Every structure is written in structure tokens, then in C-alpha cells.
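K.L.:
Structure below; questions to follow.
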Amino acid sequence: MTDAPDYKSTVFLPTTGFPMRGDLPKREPYILARWERIDLWARTQRQMEGRTRFVLHDGPIYSNGNLHIGHALNRILKDVIMRAHRMAGEDAPYIPGWDTHGLPIEWKVEEEYRKTGRDKDAVPVLDFRDECRRYSQHWLDVQTEEFRRLGVTGSWAERYATFDFGSEAAIAAEIGRFLLNGALYRGLRPVMWSPVEKTALAEAEIEYHDRSSDTVFVRFPVVTAPDPRLAGSAVVIWTTTTWTLPGNRAIAYGPEIDYALLHVDGVAEGSLVRPGERLLIAMPLLAEVLRAAGITTHHLEHVFKGAELFGTVAAHPLRGQGYDHDVRLLPADYVTTDQGTGFVHTAPSHGVEDFVLGQEYGLEVPETVQGDGTYSAWVPLFAGLHVFKASQPVSDAVEAAGGLLARGTLLHSYPHSWRSKAPVIYRATPQWFISLDGALDGEGSIRARALDAIAQTKFIPEAGRTRLSSMVAGRPDWCISRQRAWGVPIPVFVERRSGEPLRDPAVLARIVDAFEAEGADAWYNSPPERFLGQGRHPGDYEQVMDIVDVWFESGSTHAFAMEALGEGWPADLYLEGSDQHRGWFQSSLLEAVGTRGRAPFRAVLTHGFVLDENGRKMSKSLGNVTAPQEVTDKMGADILRLWTMNSDVNEDLRIGPEILKQQSELYRRLRNTLRWLLGGLDGFDDAERLPDAELPELERWVLHRLWELDARIRLSLASHDWTGVYPDLHAFCSADLSAFYFDVRKDALYCDGPASKRRRAVRTVLDLLHRCLTAWLAPVLCFTAEEAWLARFPSEDDSVHLQAFPAIPASWRDPALAERWAQIRARRSEITTGLEYARTDKVIGSSLQAEILLPKFFEEHLSSDDWEEIAIVSSVVFTDEPGSLWKHARLGSGGGWIQINKAPGEKCARCWRVLPEVGSHAAHPSLCLRCDEVVSQIPATQVAAQ
Ligand SMILES: [Zn+2]
């Protein structure tokens with residue numbers, strides 16, 4: 001056969017210009033530039049006009065550094081979801097947002113000052129604000145470019161930022177709403193305070209670190225008691241914050257707890273306890289206290305129920321030195337017997353529970369500590385001392401006064417500022433609050449309304465509901481004032497005579513107008529009469545110079561970004577990291593409920609945090625940080641996007657070099673699928689297309705699978721839960737297409753003649769697959785899908801992103817057929833295993849060299865011709881008499897067996913099937929009948945002779 005013609009040129013091998021290698025880091029920037037050139041976003045917006053609106057309101061991100069992987073995850077996820085809604089025919093705008101005020105930016109600017117030896121306090125406030133604005137703007141610009149490179153599309157030019165004049169005016173107007181509806185009040189309250197930053201901090205600005213604290217056991221001598229047996233005894237307290245003792249105003253006990261009145265008989269050497277004295281300690285903690293205080297022998301005089309202690313009054317251990325107030329014993333349900341003595345030293349200025357108890361019993365709230373962390377001038381013995389240096393002097397003074405029982409140290413979890421990493425304290429200061437429990441407009445309180453709104457919101461995952469509810473139920477009033485400069489001032493005047501804030505809508509309107517025109521700087525550079533108006537004397541009013549908590553600002557974005565920029569209100573979806581239950585979700589909820597009576601969102605979707613490959617937090621010191629910019633530069637944005645959508649975002653996610661390698665492998669397979677489709681569709685003509693009814697079963701099975709995947713995507717569009725969608729698409733490409741459908745149909749596609757119905761059916765389905773897959777992959781592989789679309793439909797200005805998801809006819813659904821093909825594929829995999837064994841035993845080389853004998857029941861599934869195609873063998877014979885079985889032939893369950901022989905006949909030089917008919921005709925003696933017919937229709941000049 002050496003002179004046989006080479007039939008290779010007559011085989012319809014796949015041809016495509018779509019490269020095998022993605023080369024994404026090089027190619028993606030070109031695609032981005034093309035989108036710019038064809039003004040893709042503006043065209044998308046025009047296309048969406050008039051459609052059903054889907055609103056995802058973007059949570060503002062903080063503009064103070066390069067994007068990290070968490071930002072990338074969040075905005076890629078949003079981008080994929082919004083792109084999908086657009087392709088599903090909705091109007092889904094995306095207006096990115098920035099949080100541009102606040103302490104972290106001030107802190108950075110101050111750091112720059114310190115580096116260059118400048119004194120912040122010497123800089124005029126407007127100059128300082130200007131520096132903060134420029135710093136913020138710089139990072140906003142950097143982050144915008146970084147997001148665009150990730151393929152995140154939206155109204156970048158119309159982005160919102162809290163420092164825009166319009167935003168500042170709107171935030172002031174929102175504060176005004178609370179001023180006018182009565183929820184805003186000024187109160188002396190303990191707030192989390194950072195002595196280093198000299199400001200109140202929000203719960204979301206706090207992180208907990210271990211800290212070693214001095215602890216003390218202190219006795220408070222009983223002065224008067226309803227029960228005479230208590231006369232001459234002392235109540236023992238234990239505290240880890242010795243510095244709060246000057247603020248002590250009461251002692252809390254648990255009404256249900258048993259308290260021992262014990263008589264000390266003997267003590268260890270060095271003990272500060274005096275034999276003969278009588279002490280009150282909770283029974284369950286007795287042993288521990290005795291050990292700590294060095295009490296060796298004692299006897300119990302009596303056991304009191306906590307409730308019996310009501311009405312007892314003790315003396316402060318420093319009585320006679322300026323601490324002469326009474327210390328009442330008060331019942332509190334938060335007292336436990338986990339630690340200490342069962343008596344809780346209560347300082348209303350230095351703890352929320354203490355404060356609440358104090359309010360209930362009318363205790364004073366002294367301003368013991370100043371903003372810089374030092375005791376106020378009036379504080380006896382300790383004025384001017386810093387509280388973090390006070391535990392020794394205070395305990396020394398208590399000891400000198402005879403009040404100390406024992407000292408110790410304790411390593412415990414203590415609140416710190418997340419910015420300065422310095423420990424924080426509770427400190428009572430005048431602050432502005434939004435009352436959560438006061439009735440609004442004669443209706444329910446903000447808290448009650450918020451809990452109601454949570455009940456009506458959809459949470460994905462559902463656990464978010466409980467999380468947010470319990471946080472809202474348990475939180476104190478919202479402290480919205482900060483003693484800082486970079487933010488929106490609380491635009492309030494307080495009448496000096498009454499101490500009441502001025503509630504005048506006309507004044508507010510003047511302030512809002514000024515902010516709108518000149519920004520919030522107007523508050524600092526205008527004379528107060530500009531806002532107060534005629535008839536009011538500026539001297540009668542105090543202008544509040546605090547700024548508002550940044551969480552109030554971001555909590556108001558629904559008002560100025562969502563409402564004003566035309567996204568619609570409320571949003572269909574808020575989508576952020578799960579830490580936003582105590583941040584943005586909560587502030588937005590409270591703000592909207594307080595001003596508009598309902599939540600600004602219908603659904604809340606949260607995602608987890610990104611950890612390294614071993615589940616550790618990323619940190620520079622561990623060297624395990626994956627930066628999105630680096631992934632994009634080395635592998636391409638599509639890889640990072642694919643990673644996002646292949647992850648279970650409800651849980652914490654992991655990323656690192658190995659995981660990214662796996663993702664590029666998954667990407668490669670998706671790309672190969674697209675390439676195979678494009679190659680197989682070379683020269684496809686619409687006239688080739690067959691109607692659905694004329695498609696073979698196998699093709700109709702593919703249509704059914706497309707129907708299923710479409711339904712899967714529609715379900716995610718409705719539920720907002722996208723977990724698993726793209727892994728399903730990937731599995732379809734690799735298991736259903738590459739490993740099965742493409743494999744089976746390769747022969748028809750390459751070797752059948754152009755007029756063959758079978759080949760036309762295959763190409764009809766490849767066309768549908770190409771349209772579906774490029775569309776479905778477009779939201780996630782936004783660059784690659786574009787490339788695969790244009791490779792098929794070259795155009796100067798078209799884009800896959802202007803296409804819709806293909807409409808899938810309901811008639812494609814065929815569960816019975818799917819069930820039937822599931823069985824056929826199970827049988828097929830038995831045959832494939834048999835072929836593997838035969839290959840190992842060198843019975844055959846390629847599967848086309850095989851003839852297989854199958855039990856007759858295989859015929860129930862398919863004819864022998866069909867089995868030849870499906871199993872990719874040259875001959876199938878059904879028989880119930882397999883003769884001497886080939887040794888590995890018994891396979892599977894249900895009595896399945898196959899016998900594999902060498903197929904009889906010669907190998908067709910064109911299609912490689914081994915058939916007896918090869919050689920039976922003169923024109924093309926080396927071809928099978930099918931190939932003979934195909935080649936006969938090709939002009940001889942095209943058949944290259946060897
Ligand atoms: Zn052939």
C-alpha cells in the first residue's frame with residue numbers, strides 16, 4: 001500500500017485561529033482597550049434601558065491602599081452576578097462606591113506629618129482636611145484602575161464617594177432627619193475610647209488581643225446593712241482594671257447566688273488578710289479566693305442568698321481621702337460565678353453594664369478620665385496620672401488604706417484599636433447618640449423596626465439572619481460622634497441656656513445647601529450666623545465640632561448613592577463579607593429604618609474571608625499573601641475570576657500557588673472545549689442546521705443537558721446563590737463533552753461527508769454549544785468568552801457582553817432520555833474498562849481495532865451500529881454464547897461481560913476503522929464504503945497523491 005493516496009487532506013480536521021494558549025496577561029489588556037474603544041459600557045447601558053431593574057448596591061470600600069484579595073473576591077463576585085443579570089435581560093447597573101473619610105486616612109496623613117517632623121495641631125483644620133482628601137483621592141484612582149484590570153465593569157465615571165460635596169450634604173441631611181425625629185440626643189455615656197487616637201471608636205473598629213493585666217482583690221467594709229449579722233464584715237471584689245477603682249460607685253451581686261459570710265481563723269505568712277476579720281464571698285468561688293488571699297483556716301458564720309443583701313451599703317476602700325460616697329450593693333443578672341468573688345465592682349463611667357445598672361439606680365456618672373487617658377483634675381490622689389500607669393499607684397493606695405487582700409496578674413482578651421493596635425478603655429464623655437429604644441413618631445423604636453426588617457429580609461446563607469438579629473438586639477445606642485477632623489461634621493447647634501439641640505428645618509436646609517455647594521468645609525469656615533439665620537444670636541448657641549462616625553456615612557449610602565444616582569430603592573441585594581453584619585449591613589439597616597421605616601435591601605448575601613492554602617490568615621510576616629495584582633500579571637484576571645466562582649463563597653476561601661495552578665488547569669480545559677467547538681464549526685453555514693426533531697438521540701441528550709444548565713443559572717439568578725454553578729459548567733465541559741460527546745462524534749465530524757445528516761446534526765449542536773457556553777462563561781471568563789465569541793463572529797464593534805443568554809426551549813427538556821443515556825453511559829464505561837484491559841494485554845492497540853461481543857441485553861439500549869459509535873470500536877456483535885471468555889471480560893454488575901477480539905478486516909486509510917469491506921472496490925481500495933463515497937465527491941485534484 002506504499003503507493004496509496006494520502007487521504008489526510010480529505011479529512012475535515014478542525015480549524016480555528018483561537019489559540020490553545022490563553023496568554024492572558026498579554027491578551028487581556030488588549031481586550032480591555034478594545035472595550036474602551038467601542039464604548040462597551042455606554043452601549044450596555046443603552047441596551048438595558050427600560051428593562052426590569054435589578055439593584056445591587058455596592059458597599060463602599062476604603063480608599064487607603066492597593067486592593068487586596070478580599071476586595072478582588074467581593075467585586076469579582078458582584079461583577080459576575082451583575083453581568084449574569086444583564087445577560088438574562090435585566091437592567092443591572094453597577095455604581096462602585098468608596099468610603100473616603102475617617103480615622104485610618106487621618107492616621108496615615110498624621111504619620112506622614114510625624115515622618116517629616118510636622119506638628120499636626122499646628123496645621124489649620126481645612127489644610128489638614130485637604131491633605132486627607134488628596135490622599136483619599138489618590139487611592140480611589142489607584143483602586144479604580146486595579147478593579148478595571150480585573151474586568152469589573154460599571155459606571156466608573158459616576159462612582160460615588162463619601163467625600164463628594166453631594167454626599168457630604170446628603171449625610172448632613174440624614175443626620176438632620178434623626179435630629180428632627182427626636183432620635184438624636186447628647187448624653188454622657190461610657191464609650192469605647194482610644195486614648196492614643198483621642199477618639200471614641202465603634203465596635204467595628206475594635207479588635208481583641210491578649211493582654212496581661214494586674215488584678216486585685218479589694219475589701220469594701222460594710223457601713224450599714226438591713227441584716228445585723230453583716231455589721232463589721234467586708235464585701236470582697238476582684239477586678240482586672242484596677243484603674244477604674246476611683247470611678248467605683250456600687251457593687252453588683254447576683255440575687256440567686258449563695259454568698260458565704262466567713263470568719264478568718266488563720267492565714268499564711270505574707271497574707272494581707274487579718275485573722276478575725278469577716279468577709280463576704282460567693283460560695284462557688286470560695287476555695288479559689290481563700291487560696292489567692294492566703295486564708296488557711298476559717299469557719300462559716302452564715303450563707304446569704306444574694307437577694308438578702310439588698311439595701312446594704314459599703315464604704316469605698318479610699319474613704320477619708322476624697323472617696324467618701326456610699327457604695328451600694330445592687331442586684332444585677334449579669335453577675336456570674338465564673339471568676340472573681342461573685343461581687344462586681346461597678347464604675348458607671350467605665351462599662352456599659354455598669355452604666356445601665358447605674359441608670360436604673362440613679363448613680364452618678366463621673367467624668368473620671370480625660371481624652372488623653374489621664375485622670376481628671378478633680379480626681380483625688382490620682383489627678384493627671386495616665387490610667388495605663390495607674391494600676392500600681394491605685395493598688396498601693398488601697399493597700400496603704402488597708403483595703404487590699406491580694407494581687408495577681410491575668411492574661412486575658414482585651415479590646416484594642418484596630419488601627420493603632422493600642423489598648424482602648426471605656427470612658428464616659430458627652431457624645432451624640434441615636435436612641436434605638438425611643439419610640440419614633442409614635443411607632444416602634446428603631447431597634448424593634450430593625451428586628452422586624454431583618455425578619456423580612458432574605459439572607460444567603462440563612463445563618464446571617466440570626467447573626468444580625470442578635471447583634472441588633474444586644475447593641476447599645478448608636479454613638480455617632482467622633483472627636484476628629486476628616487469627615488462630615490454633625491451639623492447641630494446646641495442652645496446654651498437649655499442644653500437642647502436646635503431643631504429647625506430651615507437651619508438644616510441652609511447647612512445642607514452650603515455643603516452641597518462648598519463641601520463640609522463650609523462648617524469650619526463659615527460664621528455660625530450663616531446657618532442660624534436672622535433673629536438668633538450666635539453667642540446663644542454652641543456649634544458642635546464633632547464629626548459623624550464613618551459607619552453612619554456608609555450607612556447612609558443608600559440615601560445618596562442608591563436613591564440619588566437612580567439605582568432604585570430598596571436594593572435587591574447587598575453583598576459583602578460576613579464581617580459586615582456588625583458593619584455596613586447593620587449601619588445601613590439602622591439608618592434606613594430610622595429615617596425611612598424599612599431596610600434598604602431585600603436580600604443580604606455574605607461571603608467568607610480569604611485564607612492561604614493551609615487555612616491560615618494571610619500576613620506579610622508569614623509570606624503567604626496572594627495579591628490580586630500579582631495573579632493578574634502572572635496568570636490573568638480570568639484565572640482569579642474563575643477561582644472566585646469555583647469557590648464556595650459561603651465559607652472561608654483559600655488561595656495560594658497550588659490552588660491557582662489547579663484553577664489554571666481547569667481554565668485550560670474550558671479553553672480547550674471552546675477551541676474544539678470553534679475548530680469543529682469551521683465554515684459552518686446556517687443552512688447546515690437541522691431542526692430539533694431531526695436530531696439523533698445523542699444530540700437531543702446534549703440539548704437536555706443544556707436545558708438543565710440553563711435552569712441551574714436561572715435558579716441562581718433568582719436565589720442569588722451562585723455556589724456550584726461554574727463547577728457544574730466545568731463538569732459538563734470535561735465529563736459530558738470532552739470525555740464523551742466530542743469523543744464519540746469525532747468520527748462523524750471529521751470523516752462524514754458535508755451532506756451527512758449525522759455530521760449536520762453534530763454541527764447543529766456544536767453551534768448551540770458555542771452560543772450557550774460563550775454566553776454562560778461570559779460573566780466569569782469575561783476576557784476569554786469575548787475572544788471565543790469574536791473568533792466565531794468577527795466584528796469591529798460587537799461583543800459577547802452585548803448578547804443575551806440563549807433562550808432555551810422547554811421542549812429540550814427530556815428527563816426520560818436523560819435517564820436512558822445515564823444507563824447507556826454506565827454500560828459504556830464498562831466497555832471502556834474492558835478495552836483498557838485488552839489494550840494492556842496487547843489484544844488491541846486503539847479501540848478502533850476492536851470487535852466486541854456483547855450480551856444480547858445490550859441491544860435493548862442501542863443497535864450494534866450505534867454501540868460501535870458510542871464505544872468507538874469497529875464492530876459490535878450481540879451474542880448470548882460468548883464461547884471461551886477472554887479473561888478480563890466479566891465486568892460490572894448485573895451479569896455484564898464483554899469479549900474483545902481483533903476486528904476482522906483491514907484498516908480504512910482515512911477513518912481508521914477496521915472493516916471487512918475495506919479493499920472491496922477498485923477506485924479507493926484502502927477505504928471503507930463511507931469514506932469511499934465521501935472521497936468520490938471530492939475533486940481528485942484535492943486528494944493529494946503520495
Ligand atoms: Zn473510512
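K.L.:
What number of residues in region 350-382 are over 30 Å from Asp333 (Cα atoms), open to solvent by 50 Å² or more (accessible area, probe 1.4 Å) and of a type in the set (Gly, Ala, Ser)?
P.N.:
Residues that pass the stated criteria total 1.
K.L.:
In region 886-901, is there at least one residue being open to solvent by less than 60 Å² (accessible area, probe 1.4 Å), modelled with pLDDT under 90, within 14 Å of the ligand (Cβ to nearest atom) and not basic (Lys, Arg)?
P.N.:
no
K.L.:
Same structure again: Output the residue which, of all residues in region 918-946 that are in a helix (DSSP H, G or I) and either at pLDDT 90 or above or surrounded by 12 or more Cβ atoms within 10 Å (Cβ to Cβ) (or both), is farthest from the ligand (Cβ to nearest atom).
P.N.:
Out of the qualifying residues, it is Ser936.
K.L.:
Does region 64-71 contain at least one residue that is polar (S, T, N, Q) and in contact (Cβ under 8 Å) with a residue 60 or more places away in the chain?
P.N.:
Yes: one or more hits.
K.L.:
Another question, then. When you go through (1) crowded, with 18+ Cβ neighbours inside 10 Å; (2) more than 29 Å from Trp98 (Cα to Cα) one by one for Glu500, which number turns out not to apply?
P.N.:
Failed condition: (1).
K.L.:
Another question about this same structure. Looking at the structure I just gave you, is Val631 open to solvent by 20 Å² or more (accessible area, probe 1.4 Å) and over 17 Å from the mean Cα position of the chain (by Cα)?
P.N.:
When the stated conditions are applied, Val631 does not pass them.
K.L.:
Would you check which residues across region 825-867 are β-branched (Val, Ile, Thr) and crowded, with 19+ Cβ neighbours inside 10 Å and list them?
P.N.:
Let us first name the residues in region 825-867 that are β-branched (Val, Ile, Thr), namely 831-833, 840, 843-844, 852.
Result: Ile831, Ile844, Ile852.
K.L.:
Is it true that Phe585 is surrounded by 15 or more Cβ atoms within 10 Å (Cβ to Cβ), under 29 Å from the mean Cα position of the chain (by Cα), at pLDDT 95 or above and not small (Gly, Ala, Ser)?
P.N.:
yes
K.L.:
Condition check: touching a residue at least 12 places away in the same chain (Cβ under 8 Å) and farther than 23 Å from Val327 by Cβ. Does Ala282 satisfy that? Steps first, please.
P.N.:
Values: touching a residue at least 12 places away in the same chain (Cβ under 8 Å): yes; farther than 23 Å from Val327 by Cβ: no.
No: the conditions fail for Ala282.
K.L.:
With over 28 Å from Thr100 (Cα atoms) and either among the basic types (Lys, Arg) or in contact (Cβ under 8 Å) with a residue 24 or more places away in the chain (or both) as the only criterion, which of Ala506, Ala517, Ala571, Ala561 stands out?
P.N.:
Ala506
K.L.:
Go through the residues of region 166-182 one by one and say whether even a single one is among the hydroxyl-bearing types (Ser, Thr, Tyr) and more than 30 Å from Glu367 (Cβ to Cβ).
P.N.:
The answer is yes; a qualifying residue exists.
K.L.:
On to the next question. Return a yes/no flag: does region 861-868 have any residue that is under 25 Å from Ala739 (Cβ atoms), at pLDDT 95 or above and within 14 Å of the ligand (Cβ to nearest atom).
P.N.:
Yes - at least one qualifying residue is present in region 861-868.
K.L.:
Quick check on my filter: what residues within region 228-257 are under 47 Å from the mean Cα position of the chain (by Cα) and over 23 Å from Leu410 (Cα atoms)?
P.N.:
Matches in region 228-257: Arg249, Ala250, Gly254, Pro255, Glu256, Ile257.
K.L.:
Could you please find all residues in region 542-571 being assigned to a strand (DSSP E or B) and within 23 Å of the chain's Cα centre (by Cα)?
P.N.:
Across region 542-571, the qualifying residue is only Ala571.
K.L.:
Based on this model, can you work out whether Pro754 counts as away from the ligand (no atom under 16 Å from the Cβ) and of a type outside the set (Asp, Glu)?
P.N.:
Answer is no for this residue.
K.L.:
Against the conditions (1) touching a helix residue (DSSP H, G or I) at 6+ places or on another chain (Cβ under 7 Å); (2) open to solvent by 20 Å² or more (accessible area, probe 1.4 Å), where does Ala122 fall short? Just the number, please.
P.N.:
(1)
K.L.:
Filter region 439-482 down to residues that are free of Cβ contacts under 8 Å to residues at least 24 places away in the same chain and over 16 Å from Val593 (Cα atoms), then give me how many there are.
P.N.:
Looking only at that region, the number is 6.
K.L.:
Name the residue, out of Asp752, Asp814, Asp767, Asp797, that is farther than 30 Å from Arg34 by Cβ, acidic (Asp, Glu), surrounded by fewer than 20 Cβ atoms within 10 Å (Cβ to Cβ) and out of contact with any strand residue (DSSP E or B) (no Cβ under 8 Å at 6 or more places or on another chain).
P.N.:
Asp814
K.L.:
In this structure, does Trp643 turn out to be touching a residue at least 60 places away in the same chain (Cβ under 8 Å), part of a helix (DSSP H, G or I) and either small (Gly, Ala, Ser) or buried (at least 21 other Cβ atoms within 10 Å of the Cβ) (or both)?
P.N.:
no
K.L.:
If you don't mind, there's one more thing I want to ask. Can you name the condition, by its number, that Lys115 falls short on among (1) within 30 Å of Pro600 (Cα to Cα); (2) without any contact (Cβ under 8 Å) to a residue 12 or more places away in the chain?
P.N.:
Answer for Lys115: the failing condition is (1).
K.L.:
Let me ask something additional. Taking the condition closer than 19 Å to Trp238 by Cβ and not β-branched (Val, Ile, Thr), does Ala307 pass?
P.N.:
When the stated conditions are applied, Ala307 does not pass them.
K.L.:
Among the residues of region 320-352, what is the count of those that are under 24 Å from Gly408 (Cβ atoms) and without any contact (Cβ under 8 Å) to a residue 40 or more places away in the chain?
P.N.:
1
K.L.:
Also, I was wondering about something else. Which of the helices (runs of 4 or more DSSP H) found entirely inside region 85-190 contain at least 2 residues meeting this: among the small types (Gly, Ala, Ser) and in contact with a Ser or Thr (Cβ under 9 Å, 6 or more places away or on another chain)?
P.N.:
Details: elements: 103-115, 125-149, 165-181.
Of the helices (runs of 4 or more DSSP H) lying wholly inside region 85-190, those with at least 2 residues that are among the small types (Gly, Ala, Ser) and in contact with a Ser or Thr (Cβ under 9 Å, 6 or more places away or on another chain) span 165-181.
K.L.:
Okay, next question. In region 640-653, which residues are under 13 Å from Thr626 (Cα atoms) and out of contact with any strand residue (DSSP E or B) (no Cβ under 6 Å at 6 or more places or on another chain)? Don't jump to the end; show me each part of the working.
P.N.:
Residues of region 640-653 under 13 Å from Thr626 (Cα atoms): 640, 643, 653.
Listed by number, the residues that qualify are Leu640, Trp643.
The values are calculated or read from the model by the stated rules, or taken from the named source; none is laboratory data. Keep in mind it's a predicted model, so treat the numbers as computed, not measured. So basically every Cβ, Gly included, is an ideal-geometry build from the backbone, and we count neighbours across all protein chains shown. These area figures cover heavy atoms from the full protein model, side chains too; ligands, DNA and RNA do not enter into them. Shrake-Rupley method; radii C 1.70, N 1.55, O 1.52, S 1.80 Å.
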